[in-house]
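The values are calculated or read from the model by the stated rules, or taken from the named source; none is laboratory data. Worth saying up front: this structure is predicted, and the values here are computed from it rather than measured. We place every Cβ from the backbone using ideal geometry, glycine too, and count neighbours over all the protein chains shown.
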């Protein structure tokens, strides 16, 4: 198995990690065992996991090796010291311990021999299963949801992001008030076992937690109202909103930097981006759009995180155009795309609406000539409205074509006009360049200028008033 690149490589990664040295110090010295207890589907086992009282197993289309590699990458994302990793095929999750008693005893021996402090179970554990495994192994146990929450707790930088992570963590924690491991939180004062809001939430009863959740929800409601005002002001300008979505580590932030010439933290690291960032971009014919970078999705993204981050994800819901960024060089590209579309569906977005959603097949620079030829044939056979943009955010390949595709998507429903001007009408010409998209210009003999322009529907009355001679052509 090829291990993901070590987190923190490069100046940006180092700077990001230097912001929270106490948690990094703790994680770097936590000897960790990563286990992939994946349900093996048999003819008679369909639905067995649900009947066992555990949460549903991970999606069946992804091979166990790929799942474990992703879990390993998630552990590396907070610099855990992964001593060992292993796939454990199971047919039916056990209600008490998820694993069979023999396997529990076997892992107990490994934990003792390797001095393991933390066991990451790449599945969803019930509170009872988590407590029983901790008792059997004498080590801290967290499941996939808990690990993702830890990562989010480390990545949040803004007040809004911190509130959203805390809300999701408290929702997860309500049923998991496990006293036997609170010494870890008491030493480090934070989320789960590494860092966060402080020991009071860990040791509080459910009523106190619920009170805190209500306060956070009130604060986040203020955030939602502020975002609504910001969106309303952008609509008055107005600029179309283009949102980047995709699986974590698909290259969204690198693409964001390429399109906007910004320097957003972009690293080969799962969940490198958590807090949203927005910048203006120029489209080929001069129009301005707002590009928003968002948190990456992942398979089995906890529902509580989707709910907690709804204030942030409202930018996705409200976007005029969605760029679904895929790592086309990865063997799991199709499965990852399905996971992203599942989360978008939870947000009420129709992923079949290709007038709004553009697939961006990123990391073309990593393709072999044979793979590139095969993908080229695949794209050519697709209907024109569903064809993706093949790009390399790293090298810039395909970016011009992508911008043209964004412009076409934004332009749908925008009226087009033929306008004739005299060369002396400099103010009128300047207004068209400032307020509309000049698609074509022809400077004729005799001091006349012929223009083909496209304009936002809400600006059409102003154009008609200023240019009564304008002829609508589409």
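When 68, 99 are screened for being surrounded by 22 or more Cβ atoms within 10 Å (Cβ to Cβ) and either under 18 Å from residue 124 (Cβ atoms) or touching a helix residue (DSSP H, G or I) at 6+ places or on another chain (Cβ under 8 Å) (or both), only 99 passes.
Just so you know, in region 118-144 the residues that are surrounded by fewer than 20 Cβ atoms within 10 Å (Cβ to Cβ) and out of contact with any helix residue (DSSP H, G or I) (no Cβ under 9 Å at 6 or more places or on another chain) include one that is farthest from residue 79 (Cα to Cα), and it is 128.
The single condition among (1) in contact with a helix residue (DSSP H, G or I) (Cβ under 8 Å, 6 or more places away or on another chain); (2) over 30 Å from residue 166 (Cα atoms); (3) modelled with pLDDT under 95; (4) outside any helix (DSSP H, G or I) that residue 372 does not satisfy is (4).
Can residue 358 be described as at pLDDT 90 or above and closer than 22 Å to residue 290 by Cα? Answer is yes for this residue. Evaluating residue 66 against the criteria (1) modelled with pLDDT under 95; (2) touching a strand residue (DSSP E or B) at 6+ places or on another chain (Cβ under 8 Å) leaves one unmet condition, (2). Of the set (1) at pLDDT 55 or above; (2) surrounded by 19 or more Cβ atoms within 10 Å (Cβ to Cβ); (3) not assigned by TED's automatic domain parsing to the domain that holds residue 402, all apply to residue 195 but (1). Within region 367-380, residues that are in the same structural domain as residue 395 (by TED's automatic domain parsing) reach partners that are in a helix (DSSP H, G or I) and surrounded by 12 or more Cβ atoms within 10 Å (Cβ to Cβ) with beta carbons closer than 8 Å, at six or more positions or on different chains, in the pairs 367/375; 372/364. Kindly indicate whether residue 393 is in a helix (DSSP H, G or I) and either closer than 27 Å to residue 440 by Cα or in the same structural domain as residue 243 (by TED's automatic domain parsing) (or both). So residue 393 fails the test. Scanning region 377-390 for residues that are in contact with a strand residue (DSSP E or B) (Cβ under 9 Å, 6 or more places away or on another chain) and modelled with pLDDT of 90 or more returns 379, 387, 388, 389, 390. For residue 346, the conditions (1) under 24 Å from residue 143 (Cα atoms); (2) crowded, with 16+ Cβ neighbours inside 10 Å are fulfilled apart from (2).
Residues considered: 170, 184, 177. Of these, the only one that is at pLDDT below 90 and part of a loop (DSSP other than H, G, I, E, B) is 177.
Scanning region 229-248 for residues that are touching a helix residue (DSSP H, G or I) at 6+ places or on another chain (Cβ under 8 Å), assigned to a helix (DSSP H, G or I) and modelled with pLDDT of 70 or more yields a total of 0.
Restrict the check to region 145-166 and report whether at least one residue is in contact (Cβ under 8 Å) with a residue 24 or more places away in the chain, within 30 Å of residue 216 (Cα to Cα) and either more than 22 Å from the chain's Cα centre (by Cα) or surrounded by fewer than 17 Cβ atoms within 10 Å (Cβ to Cβ) (or both). Taking every residue of region 145-166 in turn, at least one turns out to be in contact (Cβ under 8 Å) with a residue 24 or more places away in the chain, within 30 Å of residue 216 (Cα to Cα) and either more than 22 Å from the chain's Cα centre (by Cα) or surrounded by fewer than 17 Cβ atoms within 10 Å (Cβ to Cβ) (or both).
Find the residue count for region 379-398, including only residues that are farther than 21 Å from residue 255 by Cα and under 26 Å from the mean Cα position of the chain (by Cα).
Matching residues across region 379-398 total 1.
Say whether the condition of being assigned to a loop (DSSP other than H, G, I, E, B) and modelled with pLDDT under 90 is met by at least one residue in region 334-346. Among the residues of region 334-346, not one is assigned to a loop (DSSP other than H, G, I, E, B) and modelled with pLDDT under 90, which makes the answer no. Scanning region 415-424 turns up no residue that is under 21 Å from residue 287 (Cα atoms), in a helix (DSSP H, G or I), over 25 Å from the mean Cα position of the chain (by Cα) and not assigned by TED's automatic domain parsing to the domain that holds residue 261.
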